[in-house]
Each structure stands twice: as structure tokens, then as C-alpha cells.
Amino acid sequence: MPEELLARVVQVLVTVVEAVGAAVIFVGAVWTAGRFVVAGIRHRSAAVFTPIRLSLGRFLTLGLEFQLAADILRTAVSPTFGQLGRLAAIATIRTALNYFLGREIRQEQRQLGTSDGPPADRSGPAAGAPSADPAGEGDGRR
């Protein structure tokens with residue numbers, strides 16, 4: 001009986017996590033569509049659409065992560081080899097999607113000169129470049 005109860009609880013959790021993932025993707029699509037229409041009316045330049053695409057990419061990435069989490073939960077209780085194989089295939093596909101989507105987002109951000117992190121000090125070394133003074137003692141910056 002306890003295993004049945006656990007299976008039911010996990011199934012409810014799977015449903016909730018899948019619904020959250022679907023909602024994230026749906027909200028992102030609606031939000032992006034709205035921004036697309038407004039930007040299309042106000043501007044005629046294709047460059048204004050890049051940040052909108054980046055926003056949609058972030059929503060898609062987050063939604064796919066929730067979907068993958070639901071798949072992992074689904075196989076948490078007494079998985080069969082068939083379920084594990086299915087999970088491996090789904091995880092591989094979704095991970096590949098996330099990887100390429102994330103790569104495209106980073107590429108677009110570089111082209112725009114933006115990032116999600118704090119603004120880089122443009123006077124110092126290139127963003128992401130290792131410092132010659134790892135302790136940060138030589139120049140007073142840290």
C-alpha cells in the first residue's frame with residue numbers, strides 16, 4: 001500500500017510540474033507575441049526583434065527544464081527498463097534542445113552586447129578573460 005500511495009503522490013507531482021512547464025512556455029509565447037506586435041507597429045528595424053527572440057528563448061529553456069524534471073519524477077518510483085530508456089531518449093533530446101537554444105541565446109547576447117550578469121567593466125580585461133592577478137591585490141579592484 002505505501003508504494004501505491006507514493007506512486008499516486010509522484011503522479012500528482014508530475015502533473016503539477018508538467019503543467020508549470022507548459023504554463024511557462026505558454027506565458028512566454030503570449031508575452032513574446034505581444035511584444036512582437038508592439039515592436040512591429042512602432043519600429044521597422046529587424047534589430048528590435050532580437051531581444052524579443054532572446055526573451056522567448058529564455059521562456060522555452062525554462063519550460064523545457066520543467067518538462068524534463070517531470071520526466072525524471074515520472075521514473076522515480078520503480079522504473080522499468082522501458083521507462084528508463086524512454087527517459088534517456090527524452091532527456092537527450094531536451095538537453096540537446098536546451099544546449100542549442102542556450103548557445104543561440106548567448107550568441108545573440110554577444111551580438112547585442114548584453115548579458116544577464118552585472119555590467120562588465122569595459123576598461124579592464126575582456127569579459128570572461130582571466131585576470132593576470134587572480135587575488136585582485138595588485139590594482140585594488142575586487
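The values are calculated or read from the model by the stated rules, or taken from the named source; none is laboratory data. As the structure is a prediction and not an experimental result, all values here were calculated from the model. Here the Cβ positions follow ideal geometry from the backbone for every residue, glycine too, while neighbour counts run over all protein chains shown. The protein model used for the area step is the full one, side chains on, heavy atoms only, and it has no ligands, DNA or RNA in it. Shrake-Rupley method; radii C 1.70, N 1.55, O 1.52, S 1.80 Å.
The table below lists the values:
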read-out	value
Condition met for residue 59 (within 20 Å of residue 86 (Cα to Cα) and part of a helix (DSSP H, G or I))	no
Residue tally, condition modelled with pLDDT of 90 or more and of a type in the set (Asp, Glu), over the stretch 62-92	1
All positions within the stretch 1-18 that are closer than 22 Å to residue 71 by Cβ and open to solvent by 60 Å² or more (accessible area, probe 1.4 Å)	3, 4, 5, 6, 8, 9, 11, 12, 13, 15, 16
Among (1) at pLDDT 85 or above; (2) basic (Lys, Arg); (3) outside any helix (DSSP H, G or I), the one test that residue 122 misses	(1)
Residue count, the stretch 30-43 (criterion: outside any helix (DSSP H, G or I) and under 19 Å from residue 108 (Cα atoms))	0
Selected residue (criterion: modelled with the lowest pLDDT) from residues of the stretch 47-61 that are open to solvent by 30 Å² or more (accessible area, probe 1.4 Å) and over 13 Å from residue 111 (Cβ atoms)	48
